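Please read the structure below before turning to the comments.
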């Protein structure tokens, strides 16, 4: 398993260094160091915690693709995360599918849902877009509450982790960790490619000035829809993987609080940066772990961070670092 | 007398329609407040549901801590919630007007989490009962259905509030200032009108409406920290369906969707939770600006 994740990670590091300049060599070295750290870290920290961070990091990166690069604030991303978790859990537990096929099916379900939501939501912009995605995701919440296969309040529990590709036994925490790392790196690489492709450039143009992008001849609705579906798909990939890791799919995954949480991770880490959502996810998951052991009310603390971020820290951590060190402000 | 309408006993049909009308009254009051705030501040107030909950809790606290009854609460709770809103606007929201409107949504989302989390921490998730005031207990037989007095009062009260708000905005001098400031705040300020104060008062008024809705709701639903969080999402859908352009549109859509929800409970109860969202999707496909909205 570790081989698999290493190779996909190396591919991303190589691609990152493709245009050979001194700065990018540094970036390539940095990426390799981070990758080595990610491979070594389960020997230092509790793997389940790390896997949670990686799942949420991928979820936040997927969300960030929309808000950070397309300027579209979706307040309903939990719908994709959660429904993929349900579909994966159902396929693996009830139909006895292998984990890789289960995650694939969950991801496809999220993609399909993303297509439907996208077609409806991109008809409005800005605040309306946020409200529409929120309302649609609340519909998914009620479906998850009422449909028979999701088991209402109980959720789908005791999902077997199974054996990946018939070789890697995921009940072993290390093999599970490297699987999650591999999934995360694949997802991150897809986002990295998308952002640095002509598609990503058009998306940024739409974010900056949609009317102008239209006048240049781009059919912006199609770009927005594609970005929405891609974002939903990757959020689903994160959700399906999460269902295997925690052997659980519950209503929590489809609530609007979950959608809000991924907004916070991205805002805290830095919207429109590549690494920001990963940092934000790690911080928020760590914070929640810490708060769970205290008597402090979690929503109040989360809400306060929200307010502070919006008022004085809008660039987020990665954005703030980039601004301090005067590098190109985006695409850190 | 005891015939059926589409195979449904009339008692059940009218009972559900009444429930729908009650829900619609709350949708109308809340979407009215949202529309008033949005018109002036260009902020979608995510904290609206939390402030509705706060209104109900203030009434409950007034009764249980100070022995102040329903009728005074009906006046005091909106004032307290409105004052709280004015402080929020002055200290926090007013810093964001020059930025993308999405930040206003995110800020008020954070505020909603704080307010709801604080009440939940203090009072737990279980609902607290609030008694129906003695003057409005009991009910009357209308021949085709039994109407509890309090529910009738809620419908009448919300209609009065919605209509007077509409008149105040469309027909009075203050309303004219408000509409002018919505169109062009700089010009209105140049005429010597204190626009920032008007913005604060508008926000305070909008959230006071939410507080009032909370007091009206207290005897019907239980007073619970979570009572606003689902409602606000439905109201968002109502606002998308109606379009933010017109006050009257927000109100009419609120009542209409409440009734439709009630009808769905009669004919296909499984779908009653999602019918508003389905209608939203259909409206967006057919008329993206909303039923009463203008394309911008």
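The numbers here are math on the coordinates, done by the rules we state, and not lab data. This is a predicted model, so every value here is computed, not measured. No Cβ is skipped: glycine too gets one built from the backbone with ideal geometry, and neighbour counts run over all protein chains shown.
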(Q) What whole-number distance in Å separates the alpha-carbon centres of segment B:116-171 and segment A:130-161? (A) 31
Q) Using only helices, what value at 222 nm comes out for the protein assembly as shown when you add -39,500 (n - 2.57) per DSSP H run of length 4 or more and divide by the total residues, to the nearest 500 deg cm²/dmol? A) -24000 deg cm²/dmol
Q | Overall Cα dimensions of the protein assembly as shown - principal axes, largest extent first, Å | A | 77, 62, 50
Q.
Cut-off is 10 Å between beta-carbons; in what order do B:276, B:161 appear when sorted fewest neighbours first?
A. B:161, B:276
Q | Net lengthening on full extension, residue A:293/residue A:25 (0.36 nm per residue, minus Cα-Cα) | A | 92.2 nm
Q) Other chains near B:144-152: what is the mean number of their Cβ atoms within 10 Å of each residue's Cβ? A) 0
Q: Pick out which of A:298, A:229, A:48 has the largest mean-square fluctuation in a Gaussian network model of chain A, springs linking Cα atoms closer than 10 Å.
A: A:298
Q.
With the cut-off at 1.5 for a/c, could you classify chain A from its C-alpha gyration tensor as rounded, prolate or oblate?
A. rounded
Q: If a/c stays under 1.5 just call it rounded; otherwise compare a/b with b/c (prolate if a/b is bigger, oblate if not). Do that for segment A:225-268, with a ≥ b ≥ c from the square roots of the Cα gyration tensor eigenvalues.
A: oblate
**Q.** Overall dimensions of segment A:196-332 as given by Cα atoms, namely Rg and Dmax in Å
**A.** 17.4, 56
Q: Give me the distance in nm between label points sitting 7 Å out from Cα along the Cα-to-Cβ direction at residue A:311 and residue B:65, one decimal.
A: 2.3
Q | Ascending count of other beta-carbon atoms within 10 Å, so fewest first, for A:55, A:61, A:304, A:309 | A | A:304, A:309, A:55, A:61
**Q.** Efficiency of FRET from Cβ geometry, residue A:193 and residue A:323, R₀ 25 Å, rounded to 0.05
**A.** 0.50
Q: Under a 10 Å cutoff between Cα atoms, tell me which one of B:175, B:262, B:143 has the largest fluctuation in the Gaussian network model of chain B.
A: B:143
Q: Springs between alpha-carbon atoms under 10 Å, Gaussian network over chain B: tell me which of B:56, B:210, B:180 tops the mean-square fluctuations.
A: B:180
(Q) Under 8 Å for C-alpha pairs, at least 6 residues apart: give me the relative contact order for chain B, rounded to a whole percent. (A) 37
(Q) What whole-number distance in Å separates the alpha-carbon centres of segment A:182-243 and segment B:1-67? (A) 39
Q) If you project the alpha carbons of chain B onto the principal axes, what extent comes out on each, in Å, largest first? A) 66, 51, 36
Q: In nm, give the distance between the simple-model label positions of residue B:141 and residue B:8, each being 7 Å from the Cα along the Cα-to-Cβ direction.
A: 2.4
Q: Using a 10 Å cut-off on Cβ to Cβ distances, tally the other chain neighbours for every residue of B:88-98 and report the average as a whole number.
A: 1
**Q.** Linear extension gain, residue B:270 paired with residue B:170, 0.36 nm per residue minus alpha-carbon span
**A.** 32.0 nm
Q: Within 10 Å of each Cβ in peptide A:304-310, how many partner chain Cβ atoms are there on average? Round it to a whole number, please.
A: 6
Q | Burial ordering of B:38, B:191, fewest other beta-carbon atoms within 10 Å first | A | B:191, B:38
